[in-house]
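The values are calculated or read from the model by the stated rules, or taken from the named source; none is laboratory data. Predicted model only: the values in this text are computed from it and were never measured. Glycine also receives a Cβ, built like all others from the backbone with ideal geometry; neighbour counts cover every protein chain displayed. Keep in mind that these areas ignore ligands, DNA and RNA; they rest on the heavy atoms of the full protein, side chains included. Shrake-Rupley method; radii C 1.70, N 1.55, O 1.52, S 1.80 Å.
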Amino acid sequence: MSAVTNKVENFKGESDYLRGTIGQELHSGENHFGEASKQLLKFHGLYQQDDRDQRDGARRPEKEYSFMIRSKIPGGRLTAEQYLVHDELAGRYGNGTLRITTREDFQLHGVLKGELKQTLAAMNETLITTLGACGDLVRNVMCCPVPPGEPLRAELYACARRISDHLRPHTRAYHEIWLDGEKVSSGETGEEPIYGQNYLPRKFKIAIAYPGDNCVDVYTQDVGLVPVVQGGALQGYNLLVGGGLGMTHNKPETFPRLADALAFVLPAEVVPAVEAVVTIHRDHGDRGNRKHARLKYLVHDWGIERFRAEVERRLGYRLSPVVPTPPFELELHLGWHEQGDGCVYLGLSVENGRIQDTGNSGLKTGLREIIRAFRPGIALTPNQDILLTGLDPADREPIEAILRRYAIPTPGQLANVQLYSMACPALPTCGLALAESERALPAIIDELEAELAQLGLQDERLTVRMTGCPNGCARPYVADLAFVGRSADKYVIYVGGRRDGTRLNRPYQDLVPRDELVATIRPLLVHFSQARQPGESFGDFCHRVDVVV
Ligand code: SRM
Ligand code: SF4
């Protein structure tokens, strides 16, 4: 293991399996936690934030702290009851909105310190945890959110759950602090059979793709699993390692990276193989420099051959070579679909994942009414949308009537460029945001929509992703077109990724003011409309003609 030097490593190591002083500070009367607890709280699924719109320097010396709570929802599936409890808690303790994340989770924003316990207790009563939704461990395990009407989907979802269960944190700190669970004697050993007391050097992300559909962006994960199917039957998985997107501007030693293909593994070998990769990260990841601590840097620094040899050593057998699989597409799963078991599901587009009532639409209230009345299963998608699943085909008419009543648009009423867009939350909640994202993208999409229509490109399925900083939370670096926050109201424009998530894009223009983003990209769109090859996507075109800064 590398030398332990950074402060987060110290906080973890001294925390007695994530307890630290969270329990004591919870009752301190302050509106926030100290630095060590702030870091440890992430493992409990909680981020201490302050409303950055309210930061006005000297006039308000005390920040207005509140908390973001992230639920951990493997495969994005939850029951109607679990949805309704989140909906209720968002109104009662949060800022009234529910935020679908790019990893199929829910986030509540704006919960005050004094209300954390009630909120977590209510979530846990519905069997949803927030433990391990954040922090240096395996985050929410993703898989395609389409309901398992066919055996293969059921098998892939079960695999996601198995991996998630196997790599879940075992500490009882969460129960003790938030759920008044029994106190386990301090210093007890063996609390974390896989992680140990320092957990991983950094976050670790896993996703399972569906054959031919890369809605989970499998190449951007620390571990990606691509199913290998023959005659409809699952043979195993191609195991990919070392993807990740976070970077820092002007630090070339940090970079987004797509995962490398490591091996083909049989279904029974998946959990041990993934565990082997996780423990390599645990033992060899950089614990000195958090900006070099993700698995991708280890894979990059070692090379895939050395990495494979180490996985083989830990497993005790030689790995098989990867098997060819069909090309990917990005399926959004929107609209009405049969799910293969007599039921249907409806995919609704949620602008940047934010479920809220606005002047234009009563999305939150309308969804609540539908979910109360029809009790569908719920699936949150990696593209920040929602699926209502397991519906009777006869429910279609009455559900559409409710959608009309609340002016909730069906996918056919929205432009492709909106459907294929995503933004991260950024301001005002994200402490790392350099520029606006979620609040800025809708106006940019409107402008882009008009430009595309003028050029006859309205049917293009162009992925547009925006983030308030280079950390990459909306996975911008695989998009056809991306805007990445650079400094207050200025962005780097990236072009040349692929909708199917198999190629990174590259910077096109730097330091572009927000209100000039569309004007800056316009000449490229004109060039594309005139010089593209038949069927060529915008990203492929930009890649071919090699437009870079
Ligand atoms: Fe993220 C940190 C939001 C997916 C890379 N991310 C953050 C924090 C927690 C800011 C912080 O540390 O203080 C953001 C909270 C903002 C807020 O107010 O809600 C945040 N990340 C999000 C979400 C909510 C974005 C969204 O639009 O949905 C996603 C939550 C996913 C989940 O449910 O777990 C989210 N973050 C991602 C992804 C995409 C993915 O995982 O598929 C990435 C890029 C992939 C990757 O990890 O490489 C991503 N987030 C980061 C990073 C950069 C990590 C790195 O390796 O450098 C940070 C900063 C950090 O960890 O230091 C970060
Ligand atoms: Fe915050 Fe940056 Fe992630 Fe956006 S990309 S949520 S600004 S950390």
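Reported value for region 105-248: 157 Å³ per residue, from the convex hull of its C-alpha atoms.
Give me the Kirkwood hydrodynamic radius of region 443-549, using the inverse of the mean 1/r over all pairs of distinct Cα atoms, in Å to one decimal.
With all distinct Cα pairs of region 443-549 included, I get 13.6 Å.
For region 6-16, backbone phi angles converted through the Karplus equation (6.51, -1.76, 1.60; θ = phi - 60°) give residue-by-residue couplings of 7, 5, 5, 4, 5, 4, 5, x, 8, 8, 6 Hz, Gly and Pro being listed as x. 3J(HN,Hα) couplings calculated from phi for region 125-137 with the Karplus curve 6.51 cos²θ - 1.76 cosθ + 1.60 (θ = phi - 60°) are, in sequence order, 4, 8, 6, 10, 9, 10, 4, x, 6, 9, x, 8, 7 Hz; Gly and Pro show x. At the listed q of 0.11, 0.15 Å⁻¹, the Debye profile of region 42-168, built from one uniform point per Cα, gives log10 I(q)/I(0) equal to -0.42, -0.72.
Selection among 456, 472, 387 by position relative to the dipole of region 371-504 gives 472 as farthest towards the positive end (Cβ unit charges, Cα centre). For the chain, averaging the sequence separation of C-alpha pairs within contact (under 8 Å, six or more residues apart) and dividing by the residue count gives a relative contact order of 13 percent. The mean of 1/r over all distinct Cα pairs in the chain, once inverted, gives the Kirkwood hydrodynamic radius of 24.1 Å. Along its principal axes, region 337-413 has C-alpha extents of 37, 27, 23 angstrom, given from the largest down. Plainly put, region 286-351 has a radius of gyration that is 1.23 times its Kirkwood radius, both from alpha-carbon atoms, as the Rg/Rh ratio. Only the Cβ atoms of Lys and Arg (+1) and of Asp and Glu (-1) were treated as charged; on that basis the dipole of region 105-196 about its Cα centre amounts to roughly 180 debye.
Under 5 Å between amide hydrogens, built in the peptide plane, is the criterion, and for residue 354 it picks out 100 among residues at least 5 positions away or on other chains.
Computed from backbone phi, the HN-Hα couplings of region 458-465 come to 5, 8, 4, 9, 9, 7, 10, 10 Hz, rounded to whole numbers (Karplus: 6.51 cos²θ - 1.76 cosθ + 1.60, θ = phi - 60°; Gly and Pro given as x).
Across all Cα atoms of region 9-101, the radius of gyration (one decimal) and Dmax (whole number) stand at 15.8, 46 Å.
Could you pull out the pairs from 113/291; 42/296; 63/251; 38/490; 203/251 whose alpha carbons sit more than 26 Å apart here? Beyond 26 Å between Cα atoms: 113/291; 63/251; 38/490. Per residue, the average separation of C-alpha pairs within less than 8 Å and at least 6 apart gives region 189-239 a relative contact order of 25 percent.
Helical content of the chain, expressed as a calculated mean residue ellipticity at 222 nm, amounts to -9000 deg cm²/dmol (DSSP H runs of 4 or more residues, -39,500 (n - 2.57) each, divided by residue number, nearest 500). Pair-distance distribution P(r) for region 230-306, from all Cα-Cα distances in 10 Å bins starting at 0: 17, 45, 26, 11, 2 percent. For the chain, 134, 143, 144, 159, 215, 343, 430, 469, 542 have no disulfide-compatible partner, since no other Cys C-beta lies under 4.7 Å from theirs. Using a probe of 1.4 angstrom and keeping all protein chains present, the accessible surface of the chain works out to 39 square angstrom per residue. When the Cα positions of 346, 361, 319 are compared along the charge dipole of region 312-442, 319 comes out farthest toward the positive end, with charges on each C-beta of Lys, Arg, Asp and Glu. Note: relative contact order over region 298-398, using C-alpha pairs below 8 Å and six or more positions apart, is 24 percent. Taking amide H as placed 1.01 Å from N in the peptide plane, the amide H of residue 21 sits under 5 Å from none that are at least 5 places away or on another chain.
Taking Cα centre as origin and charging only the Cβ of basic (Lys, Arg, +1) and acidic (Asp, Glu, -1) residues, the dipole magnitude of region 33-185 rounds to 340 debye. Computed packing ranks the peptides 319-325, 267-273, 424-430, 459-465 as 424-430, 459-465, 267-273, 319-325, most packed first, by mean other Cβ atoms within 10 Å.
Database remark: amide H of residue 129 closer than 5 angstrom to the amide H of 72 (H placed geometrically; neighbours at sequence offset of 5 or more, or on other chains; Pro and chain starts carry no H). For region 448-497, list log₁₀ I(q)/I(0) at each q in 0.13 Å⁻¹, using the Debye formula over Cα point scatterers of equal strength and ignoring solvent, two decimals each. The computed values of log10 I(q)/I(0) come out as -0.33. When +1 charges are put on Lys and Arg Cβ atoms and -1 charges on Asp and Glu Cβ atoms, the dipole computed for the chain relative to its Cα centre reaches about 1040 debye.
Here the alpha carbons of region 390-494 define both size measures, Rg and Dmax, at 16.5, 51 Å.
Both numbers refer to the Cα atoms of region 321-467; Rg and Dmax are 17.0, 55 Å.
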